[in-house]
Every structure is written in structure tokens, then in C-alpha cells.
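Participant: One structure, as C-alpha cells, below. Some questions next.
None of the figures in this text is laboratory data; all of them are computed from the coordinates on show. Treat the numbers as computed from the prediction; the structure is a model and nothing was measured. Note that each Cβ is placed from the backbone with ideal geometry, even for glycine, and that neighbours are counted across all protein chains shown.
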Amino acid sequence: MSKFFLLCAAALALTSAKLMAADPLDDTMPVRGFCIGAPDPAHLDRFIDFINKELGPRHVNTLILRVDYNYQFQSHPELTEGNALSLGDVKRLLAACRTNNIHLIPQINLLGHQGFGASENSLLRKYPEFDETPWVKNPEHYKWPNPDNLYCRSYCPLHPTVHDVVFACVDEVCDAFESDAFHAGMDEVFYLGEDKCPRCGGKNKADLFASEVTRIHDHLQQKGRALWMWGDRFIDGRVTGLGEWEASYNGTAPAIDMVPKDIIICDWHYDRPDLTAAFFAIKGFKVISCPWKIASVGAQQADDMIHWRQTSTPEIRDRLLGVTQTVWSGVGSFLNRDYKSEPGQTNSWNCLLATLAEVNKAADSQASK
């Protein structure tokens, strides 16, 4: 047999192997994700075991880890929180994800969620000049609602040196995770363009939000990385009736028409399977639906995504990427509580199982045709 035919046979065998190795679920639901707080070192082994025994075999192919400042930063060690992951810990997580064909994406909350309630995160503790609302004092006993509308603080997007610090941390954590994508959070931004802020007071809040999103996007793009973010600030809460948590009441919604279209939107709705993923896709964004703990909501979001992908134009279909299960606790709490719960209980583990069951059912139905 000639060398030419040998090369052709080898190429055909390689192509066949790749086709056989491709996950048949990918056509039904390209993104099947899981989002959780990054483990501290004490729970690292258990979490890697969970990746190997549960996420991989269940064909979860995307893992968003909310790292924030729980990493041993070299660029800004003063920002490292206690019990933070080391570079070696991250490489172990990365190896487990690669073994299971899981795309690992780190997250640091930018703009909003700079702490929670009465506690700032390390960025605002170490750099209080970045605070958008320094005049708002932490209450002795936090409760919501409160007169200051304090839920989570924001950094001022127009502070002249804030991006020097946060972008150094973003770059370092992306390098550590060897990631081609970064999740910037940016949900539930209640403080933005405050009147008392000497830099952005009185400015249009949609302009401010769009400028910050675009600045983060452009920084990531310089290094070949995609921006992922939550989508709630792009939705008008009054027009849709979704309220101030799942949507915006402070004027940021028009920013949706001011930002780059290659941003990946994570569209979260936890109590009802609201149909805003279609809105984002029609606007030109790739979008992922995100449930939390109600199994019927996760299952319906999966069904809706599958239906839209089956009935939409190719242009819209390619923007409807899938679903990502969110977990709003640390790894230890999740593994000790939700993961060990009985079937039927309302929690993120049972929601994930119900969501994946719908995806598997649709994929099996498609394969049988």
C-alpha cells in the first residue's frame, strides 16, 4: 500500500475516532454546566472526587468556580482571603476537569458584590477608596430591607486605579486556571452612579454599566479570553415585572444595546422559568439558562432551551447554549447537605438531577429518530 493511502487511512481513522468520542448530548445541549464557590483546601480532595464520580459521568461539561479572592495571589497578596487555594490546588482542579472533558471557568465578582451585607470583601477592606458608597456605614445588625439600600457594595467604576488592581487579579487567576474564559459576575448591582460619588454622580447608569462591561470585555479579549457574566442588569424589572433582583430597577437595562455581542450571558431565574433567554438570543447574545434549587424550574428551563434550539433559525439556535446549575453555598456545605439529601428535597443537587434528566431524555429521543 502506498504512503498516500496509508496517510489517508490514518486520517480517516483519526476522524472516525473523534466522531465516536464526541458527546451525543452536545447537539441537544452544548453547555451543561455547574457553578459553585471554589473549594477551600480542606474540601479540595472531596470536590475532586465529586468531579470524577458525579460531574464527569453525568456529562457536565462546564464548571464555573466562584474564586473571588480565595486564591493565593502573587500580584496582590494583600487581597488573599483566608483558606485560599494555592496554584498547586488549582492545577489539581484543572487536571480533574481535563480528565472529564470539563471546561473550567474562574469567577471574580467585578463591580457589584464587593462583600455581602455588613461585610466588605478584601478589595474594599484594603482599598476603601474604591468604594462607590463610603458614606454608607455598616450596621451593627444587618437586615434587609434597610434605609441605605445596602445589600452588597460596589466599587466605583470611574476610580482611576481600581482596574489596575482588579485586572491584575483577573489576569493572574485566568493564567492559573489556564482559562480561555472568565466570569465577571456583575449581578445585583444596586449601587452605581450614586449622586454623592465625586466621579460618577449624576451620570447615566446604563452608560456607566455598559462602559464597565465593555472595559472588562476588551481587557479579556486582548488575551484571547471570553467574558461570561450574569444577565439580570440588562433586563428592565418594571417592564417585565421581574423586580429588582432578577432584573434592574436602577436604569441599567438599556446597556444591553451598548455592549459587545460576543459576551456569554448567564440568565438566572430561580422561582419561575421566565423566558428571558430567548430575549438575549434575539438581541444577539449567546445565552445559558441558570436554575438554583427548584427541580421543576430547572427541568422546564432545560425543556425550553431544547425546544427553542429545535424550532429556531440556525442563527438563533447557535446562541442558545444550554443550562448551568447554580449552587449558592460553599463546597463543604453542598457536599454535606444537598448532595447527601433524599430525592424530592428542594435543593441544588436534586435540581441538577432533574435538569440533566430532561437533557438526556431529549438526546435519547433525538437519537432514536
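Participant: May I ask you to compute the full-extension gain from D49 to N101, defined as 0.36 nm times their residue separation minus their alpha-carbon distance, rounded to one decimal in nm? Can you show the working numbers first?
Facilitator: On the way: separation 52, 0.36 × 52 = 18.72 nm, distance 1.50 nm.
Between D49 and N101, full extension yields an extra 17.2 nm.
Participant: Once Lys and Arg get +1 and Asp and Glu get -1 on their Cβ, which of F130, I306, P254 lies farthest toward the positive end of the dipole of the chain?
Facilitator: Value computed over the given set: I306.
Participant: I want the antiparallel fraction of DSSP beta bridges within segment 29-367, as a percent rounded to 5.
Facilitator: Details: 3 of 36 bridges.
Antiparallel bridges make up about 10 percent of those DSSP assigns within segment 29-367.
Participant: Less than 13 Å Cβ to Cβ from E54, Lys/Arg counted +1 and Asp/Glu -1: what total charge do the surrounding residues give?
Facilitator: Details: positive: R32, R46, K53, R58, K340; negative: D49, D338.
Cβ neighbours under 13 Å give a net charge of +3.
Participant: If you build the Cα gyration tensor of segment 29-367 and take the root of 5 times each eigenvalue, what three semi-axes come out, in whole angstrom, biggest first?
Facilitator: On the way: eigenvalues 181, 119, 76 Å².
Working from the Cα gyration tensor, I get semi-axes of 30, 24, 19 Å.
Participant: Taking H as built 1.01 Å from N, whose amide H comes closer than 5 Å to the amide H of V31, not counting residues under 5 places away?
Facilitator: G322, V323
Participant: Here's another thing I want to ask about it. Using each residue's phi in segment 42-49, evaluate 6.51 cos²θ - 1.76 cosθ + 1.60 at θ = phi - 60° and report the 3J(HN,Hα) Karplus result to the nearest Hz, with x for Gly and Pro.
Facilitator: Result, ordered by residue: 5, 10, 5, 4, 5, 5, 4, 4 Hz.
Participant: May I pose another question? Return the sequence-ordered ³J(HN,Hα) values of segment 259-273 in whole Hz as given by the Karplus equation 6.51 cos²θ - 1.76 cosθ + 1.60 applied to θ = phi - 60°, using x for Gly and Pro.
Facilitator: Whole-Hz 3J(HN,Hα) from phi for segment 259-273: 10, x, 7, 8, 6, 8, 9, 9, 9, 9, 8, 10, 9, 9, x.
Participant: Still on this structure, I have one more. For segment 97-115 and segment 199-275, compute the distance between their C-alpha centroids and round to whole Å.
Facilitator: 18
Participant: Same structure again: Cα axis of helix 348-367 to longest principal axis of the chain: angle in degrees, 0 to 90, nearest 10?
Facilitator: Rounded to the nearest ten degrees, it is 40.
Participant: Output the relative contact order of the chain, whole-number percent, from Cα pairs under 8 angstrom with separation of 6+ residues. Don't skip to the end; give the middle numbers.
Facilitator: Values: 653 pairs, mean separation 60.0, N = 369.
Worked out over the chain, it gives 16 percent.
Participant: Does anyone have the angle between helix 87-99 and the longest principal axis of the chain? Alpha-carbon axes, 0 to 90°, nearest 10?
Facilitator: Helix 87-99 sits at roughly 40 degrees to that axis.
Participant: Once you put a point 7 Å from the Cα of Q222 and another 7 Å from the Cα of R125, both along the Cβ direction, what distance in nm separates them?
Facilitator: Inter-label distance under the simple model: 3.0 nm.
Participant: Turning to a different aspect of this structure: Count the net charge of all other residues whose Cβ sits under 10 Å from the Cβ of D267, scoring Lys and Arg as +1 and Asp and Glu as -1.
Facilitator: Details: positive: none; negative: D232, E246, D274.
Combined, the nearby Lys, Arg, Asp and Glu give -3.
Participant: Rounding to the nearest 10 and keeping the result within 0 to 90°, find how far the Cα-based axis of helix 205-221 lies from the longest principal axis of the chain.
Facilitator: It works out to around 50 degrees.
Participant: Enumerate the calculated ³J(HN,Hα) couplings along segment 297-308 in order (Karplus 6.51 cos²θ - 1.76 cosθ + 1.60, θ = phi - 60°), each rounded to whole Hz, writing x wherever the residue is Gly or Pro.
Facilitator: Taking θ as phi minus 60°, the curve returns 5, x, 5, 5, 4, 5, 4, 5, 4, 4, 4, 4 Hz for segment 297-308.
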